[in-house]
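Have a look at the structure below, then the notes.
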Amino acid sequence: MSTVAFGRKTPPPNFDKPLPQNLDAERSVLGAILLDPSVPNATLKAVAEQLHAGDFFLPEHQCIFRHMVQLTESQSPIDTLILMDTLTAASELDRAGGSGYLAKLTDGVPAISNHVMHAKIVREKSVSRQFIYKMNDLQQRTIEGGANNEELMDEFNAFSRHVATGRKTGIVAATAADFLIMKLDPLEFIIEPLLPLRGSGMIYSPPGLGKTHLALYMAYCIAIGAPTCFVWDIPKARRVVYVDGEMDAESLQEMLRQIMLGLDGKVPEDPEYLRIVNPDIQKGSTPRINTLEGRAAIESLVKPGDILFLDNLSTLCPGADEDETENWSKVQEWILDLRRKGIATFIVHHANKSGASQLGTSKKEHQLSVNIRLRRPSNYEQVEGLRVEVVFDKLRSRGAGPFKAQWAQPFEVELRVEDGRAIFLHKPLTKILKERAKQYLVGGMKEHDVVLETGLSRWTVRRIARDIKFEGAGENSNED
């Protein structure tokens with residue numbers, strides 16, 4: 001087989017041996033794909049289960065494989081002429097080694113049935129190189145000093161998990177053209193429009209307002225596939241893991257029993273669709289999500305398509321509000337990693353002293369699909385029990401499809417327990433909140449503060465302020 005001068009990745013400093021590679025295996029994989037006439041290309045499909053473009057040692061082979069993937073995604077056959085034409089159109093033919101090199105990729109290719117084994121060899125060499133680079137990086141940072149040992153250990157463990165599952169460890173930047181033609185899964189919701197399958201959310205309030213009661217009700221509705229939960233839709237039943245870090249088991253059991261009876265005694269069709277983690281039923285301590293061991297223990301309970309409830313952040317992640325760098329940054333990366341795996345997360349959290357925002361840094365809200373705030377109604381009487389107003393601090397755009405008006409409106413929830421059955425009643429707050437906003441504005445409150453206080457949109461508050469000005473102008477003209 002002829003060879004051409006290809007650029008190599010630079011080995012780590014003082015690395016006096018060639019980096020692990022097998023160019024014959026790489027060429028055999030690419031040649032086998034070119035020899036397969038099936039559409040979509042069955043050889044590429046089998047190889048892609050083990051490899052991505054970055055696993056090839058030569059940049060030229062990476063380029064060729066990437067364009068092969070694009071061809072099969074567009075339902076095109078893959079052969080040498082079609083590949084050359086595609087590379088030429090993308091001005092990457094020279095980057096792929098030129099037409100002469102492409103024409104010889106199929107020379108001497110062994111039986112096509114060996115492509116899976118050859119792909120495995122390419123993958124093994126890629127993993128070896130990745131470990132060399134990662135270990136060199138960790139070694140250099142340790143020698144230079146200033147590196148936190150725990151962070152380095154977490155980084156290495158995360159790297160090892162990614163490599164073990166075939167995950168890409170380097171950053172990937174797709175061109176806009178490539179990104180637009182990617183075959184992505186259709187948008188799915190666990191609770192519509194609050195929480196997509198690959199999303200995260202939060203509900204927070206001051207102590208004693210019933211956030212656990214509401215979160216547990218939401219979890220149960222998802223597990224049984226109830227058509228609706230309050231004003232929102234539930235497309236289908238899903239597996240739920242509810243991790244409670246605070247409540248005693250007896251109270252949580254009673255709460256769950258009341259919810260179940262209030263939903264006509266319906267239970268999940270599969271018992272695995274709702275599992276409870278509670279401190280009182282553990283042999284040891286409840287897992288802490290600000291530790292590597294705790295996150296791993298919880299993650300072992302969930303699978304792609306599941307939703308994980310974490311109730312609440314202060315008990316499951318102690319210290320996160322006082323030390324954001326050491327605690328929340330790790331939890332945030334974990335939640336993002338769960339999202340990439342198709343696991344949604346819903347967090348229960350405390351409000352700050354004013355009750356107007358969640359406790360701790362606002363960084364917690366940045367990655368959320370939805371952030372829900374609970375607050376006491378102004379006319380609340382202590383003897384009433386659970387009655388709260390539900391407003392949105394954040395509701396990410398839903399995307400394509402019709403949007404029901406009631407989905408984003410603030411509403412009031414009241415819980416009544418009758419004969420051991422939890423009955424949740426709800427009603428919209430729009431009229432009440434508009435009247436309250438008008439009173440605030442007339443009293444001199446700024447529009448921005450009215451938005452925060454009522455949960456109404458800034459456009460609604462602005463219209464109310466404009467109407468107040470018109471009413472005032474009318475009164476002045478009558479006096480004249």
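The values are calculated or read from the model by the stated rules, or taken from the named source; none is laboratory data. Bear in mind that the values here come from a model prediction, so they are computed numbers and not experimental data. Note: ideal-geometry Cβ built from the backbone for every residue, glycine included; neighbour counts use all protein chains shown.
Okay, here's what the table says:
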quantity: Residue among Met247, Met218, Met255 that is at pLDDT below 95, of a type in the set (A, V, I, L, M, F, W, C) and in the same structural domain as Ile347 (by TED's automatic domain parsing); calculated: Met247
quantity: Number of the condition not met by Glu293 [criteria: (1) of a type outside the set (A, V, I, L, M, F, W, C); (2) over 30 Å from Ser160 (Cα atoms); (3) in a helix (DSSP H, G or I)]; calculated: (2)
quantity: Test: residue in segment 268-280 that is buried (at least 19 other Cβ atoms within 10 Å of the Cβ), modelled with pLDDT of 95 or more and under 22 Å from His426 (Cα atoms); calculated: no
quantity: Qualifying positions in segment 339-371 - touching a Phe, Trp or Tyr at 6+ places or on another chain (Cβ under 6 Å) and modelled with pLDDT of 90 or more; calculated: Phe346, His349
quantity: Any chance Arg463 is out of contact with any strand residue (DSSP E or B) (no Cβ under 9 Å at 6 or more places or on another chain), among the basic types (Lys, Arg), free of Cβ contacts under 8 Å to residues at least 24 places away in the same chain and part of a helix (DSSP H, G or I); calculated: yes
quantity: Helices (runs of 4 or more DSSP H) fully within segment 16-100 counting 3 or more residues that are closer than 19 Å to Ala177 by Cα and not small (Gly, Ala, Ser); calculated: 59-73, 80-89
quantity: Any chance Phe131 is within 30 Å of Gly294 (Cα to Cα) and either part of a loop (DSSP other than H, G, I, E, B) or touching a Lys or Arg at 6+ places or on another chain (Cβ under 6 Å) (or both); calculated: no
quantity: Residue in segment 238-259 that is farthest from the chain's Cα centre (by Cα), counting only those that are in a loop (DSSP other than H, G, I, E, B) and surrounded by 18 or more Cβ atoms within 10 Å (Cβ to Cβ); calculated: Met247
quantity: Hits in segment 420-456 - residues which are more than 32 Å from the chain's Cα centre (by Cα), on the phi > 0 side of the Ramachandran plot and in contact (Cβ under 8 Å) with a residue 40 or more places away in the chain; calculated: Gly420
quantity: Scan of segment 372-389 for residues that are in a loop (DSSP other than H, G, I, E, B) and either over 16 Å from Pro428 (Cα atoms) or more than 31 Å from the chain's Cα centre (by Cα) (or both), ordered by number; calculated: Pro377, Ser378, Asn379, Tyr380, Glu381, Gly385, Leu386
quantity: Pick from segment 94-114, criterion modelled with pLDDT under 85 and not hydroxyl-bearing (Ser, Thr, Tyr), ranking: surrounded by the fewest Cβ atoms within 10 Å (Cβ to Cβ); calculated: Ala111
quantity: Inter-residue pairs, beta-carbon under 7 Å, first under 15 Å from Asp154 (Cα atoms) and in segment 120-142, second buried (at least 16 other Cβ atoms within 10 Å of the Cβ), 6+ apart; calculated: Lys134/Phe159
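Residue by residue, here is whether (1) among the charged types (D, E, K, R); (2) more than 22 Å from Arg376 (Cβ to Cβ); (3) modelled with pLDDT of 80 or more; (4) not in a loop (DSSP other than H, G, I, E, B) holds:
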{"position": "Leu415", "(1), (2), (3), (4)": "no, no, yes, yes"}
{"position": "Ala422", "(1), (2), (3), (4)": "no, no, yes, yes"}
{"position": "His426", "(1), (2), (3), (4)": "no, no, yes, yes"}
{"position": "Val450", "(1), (2), (3), (4)": "no, no, yes, yes"}
{"position": "Glu453", "(1), (2), (3), (4)": "yes, no, no, yes"}
{"position": "Leu456", "(1), (2), (3), (4)": "no, no, no, no"}
{"position": "Asn478", "(1), (2), (3), (4)": "no, yes, no, yes"}
